[in-house]
């Protein structure tokens, strides 16, 4: 018998895929992302459906030791055409060749789902398959599509959303599976582990923001290390965030997010900002707490994020911050201090983008 849980389980997605995270978010589930970094290659002789099962398991098993107590979900997708697996094209030429083979035909998109409950050791696995019917885009349309770079980030070089959506005539099966995660499939492994998908639905919370204290230090270090690795690198230096002042957002004793900063007489730099409850306004509350502190003392509040983190760019712009400086070559600094750093988006990390609240804001 699966032992009962005392609190809402945390779902950790062992994937950098923004589409998978969006599928979960649209279903009311806020997943924490921890990228596994495992190689996405298997023996070509393994059938594609078996290959995605194996890769999904590798991802989840690699991340599980980093997030004790959490549910860890690994997913991987491959497109099968004529019995041959097609992953992400490595070059523009490969993307064009792939579309030349797919145009006007049907292929099957397989996605492996591997769910690991680190609190009980339970493991459940399932593969979903969806038939995709491809259209016949013109050479000019394909050239324009590939030039945008989108196909190089996608299994099979296509998607049913985004720029490539007009070139797919339809699907037979769960469309979410083509985006990399099938919610109906996820529901079944959850049930076999003694959980319901409703257990993962986001709660309505009203977080309280308070300054960090000595009791938070170990948690801050552990949280930041699991999400980003240490040290945290900024244009101003490299930091252990547990040694910095900050703010914690919590609800009924549960820590939902943390912001750390460094300050002097003229400025406050936000060094880290992490929400563990996406979509609940935690990040905004933490950022506003730091903004109020800086404004009350007449100091400038600023921060940097990286050019591969599109989600963060949109977040800061929507909160009224201005992009003021691009620090080129920052990616080389990060890779020197943190070898093996993984890009958050489709493009490699190159520059740091500096944001600030405008004077008087």
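The values are calculated or read from the model by the stated rules, or taken from the named source; none is laboratory data. Here the structure is a predicted model, which means the values were calculated and not measured. Note that we place each Cβ from the backbone using ideal geometry, even for glycine, and neighbour counts take in every protein chain shown.
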Taking segment 109-122 and keeping residues free of Cβ contacts under 8 Å to residues at least 60 places away in the same chain and on the phi < 0 side of the Ramachandran plot leaves 116, 118
In segment 254-268, residues that are crowded, with 18+ Cβ neighbours inside 10 Å and more than 19 Å from residue 213 (Cα to Cα) total 0
Name the one entry in 126, 141 that is in contact (Cβ under 8 Å) with a residue 24 or more places away in the chain and closer than 18 Å to residue 52 by Cα. 126
Strands (runs of 3 or more DSSP E) within segment 240-280 that include 2 or more residues under 20 Å from the mean Cα position of the chain (by Cα): 254-263, 267-275
Residues of segment 229-239 being more than 21 Å from residue 293 (Cβ to Cβ) and in contact with a helix residue (DSSP H, G or I) (Cβ under 9 Å, 6 or more places away or on another chain), which ones? 230, 231, 233, 235, 238
Flag for residue 112 being closer than 19 Å to residue 91 by Cα, buried (at least 17 other Cβ atoms within 10 Å of the Cβ) and in contact with a strand residue (DSSP E or B) (Cβ under 8 Å, 6 or more places away or on another chain): no
When segment 301-339 is examined, which residues are found to be assigned to a helix (DSSP H, G or I), over 20 Å from the mean Cα position of the chain (by Cα) and surrounded by fewer than 19 Cβ atoms within 10 Å (Cβ to Cβ)? 332, 333, 336, 337
Counting only residues that are buried (at least 16 other Cβ atoms within 10 Å of the Cβ), over 30 Å from residue 290 (Cα atoms) and out of contact with any strand residue (DSSP E or B) (no Cβ under 7 Å at 6 or more places or on another chain), how many does segment 191-227 have? 2
As an exercise: evaluate residue 61 against (1) in contact with a strand residue (DSSP E or B) (Cβ under 8 Å, 6 or more places away or on another chain); (2) touching a residue at least 24 places away in the same chain (Cβ under 8 Å); (3) within 30 Å of residue 82 (Cα to Cα) and give the number of the one condition it does not meet. (3)
Taking segment 122-137, which residues are part of a loop (DSSP other than H, G, I, E, B) and touching a helix residue (DSSP H, G or I) at 6+ places or on another chain (Cβ under 6 Å)? 135, 137
Condition (residue is free of Cβ contacts under 8 Å to residues at least 60 places away in the same chain, within 24 Å of residue 203 (Cβ to Cβ) and either touching a helix residue (DSSP H, G or I) at 6+ places or on another chain (Cβ under 9 Å) or not assigned by TED's automatic domain parsing to the domain that holds residue 310 (or both)) applied to segment 9-27: is it met by at least one residue? yes
Have a look at 39, 9, 68, 47 and point out the one that is within 19 Å of residue 188 (Cα to Cα) and surrounded by fewer than 22 Cβ atoms within 10 Å (Cβ to Cβ). 9
When the residues of segment 124-151 are narrowed to those that are over 27 Å from residue 188 (Cα atoms) and buried (at least 17 other Cβ atoms within 10 Å of the Cβ), which ends up nearest to the chain's Cα centre (by Cα)? 150
